[in-house]
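The values are calculated or read from the model by the stated rules, or taken from the named source; none is laboratory data. Model, not experiment: these values are computed from the prediction. Neighbour counts run over all protein chains shown; Cβ positions are idealised from the backbone, glycine included.
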Amino acid sequence: NYVIRDHSDKILFNELILIGKNDSVEMNDMIFTYSDKSEHKRKYYDPSSFIDNSNIERIKYITEKIASEIDVLSLGRVDYRYFKDKLYFIEINTVPAFSMTSDIGEICNLHKIEFDKIVKLFHETIN
């Protein structure tokens, strides 16, 4: 889940992406390796195809609370594992990759968001 937060604690962007491996989103005990992305084993999915809307909204809410509590400014990524309707917190990445080929670029592709729009939002938070 990627979040962009400005200096006034306003959330400018909060969107999810579901990442699977080897054409599976059930990753209860699998992990990603460094070579998974370069070998195209990571697959990106629209979360609404696998997670009901109430849980998507719950994930977004939790992400916003985390970003606010730890004072994430600009861009942050909060990683979760969602398995059998249970949400497990994994980590917070306050300096995630930011390019059209990174996870944020895949979010833009899946949700039909112009990447330039996200760049502008991100830029606004660092001035």
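Within the range 86-95, not a single residue is within 29 Å of GLU124 (Cα to Cα), hydrophobic (A, V, I, L, M, F, W, C) and touching a residue at least 60 places away in the same chain (Cβ under 8 Å).
Per-residue answers, yes or no, for (1) in contact with a Leu (Cβ under 7 Å, 6 or more places away or on another chain); (2) surrounded by 13 or more Cβ atoms within 10 Å (Cβ to Cβ):
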| site | (1), (2) |
| --- | --- |
| TYR34 | no, no |
| ASP46 | yes, yes |
| PHE50 | yes, yes |
| LYS65 | no, no |
| ILE70 | no, no |
| ILE104 | no, yes |
| LYS120 | no, no |
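From the set of residues in the range 3-32 that are at pLDDT 80 or above, assigned to a loop (DSSP other than H, G, I, E, B) and among the charged types (D, E, K, R), which is surrounded by the fewest Cβ atoms within 10 Å (Cβ to Cβ)? Across the range 3-32, the extreme among qualifying residues is LYS10. Within the span defined as the range 97-114, every residue fails to be modelled with pLDDT under 90, among the hydrophobic types (A, V, I, L, M, F, W, C) and part of a strand (DSSP E or B).
Results for (1) touching a residue at least 40 places away in the same chain (Cβ under 8 Å); (2) under 16 Å from PHE13 (Cα atoms); (3) of a type in the set (Phe, Trp, Tyr); (4) in contact with a strand residue (DSSP E or B) (Cβ under 7 Å, 6 or more places away or on another chain), shown as yes or no for each residue.
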{"residue": "ILE51", "(1), (2), (3), (4)": "no, no, no, yes"}
{"residue": "ILE62", "(1), (2), (3), (4)": "no, yes, no, no"}
{"residue": "LYS84", "(1), (2), (3), (4)": "yes, no, no, no"}
{"residue": "ILE107", "(1), (2), (3), (4)": "yes, yes, no, yes"}
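Looking across GLU57, GLU91, GLU69, one residue alone is charged (D, E, K, R) and touching a strand residue (DSSP E or B) at 6+ places or on another chain (Cβ under 7 Å). It is GLU91. Condition check for GLY76 on (1) surrounded by fewer than 17 Cβ atoms within 10 Å (Cβ to Cβ); (2) among the small types (Gly, Ala, Ser); (3) outside any helix (DSSP H, G or I): one failure, at (1).
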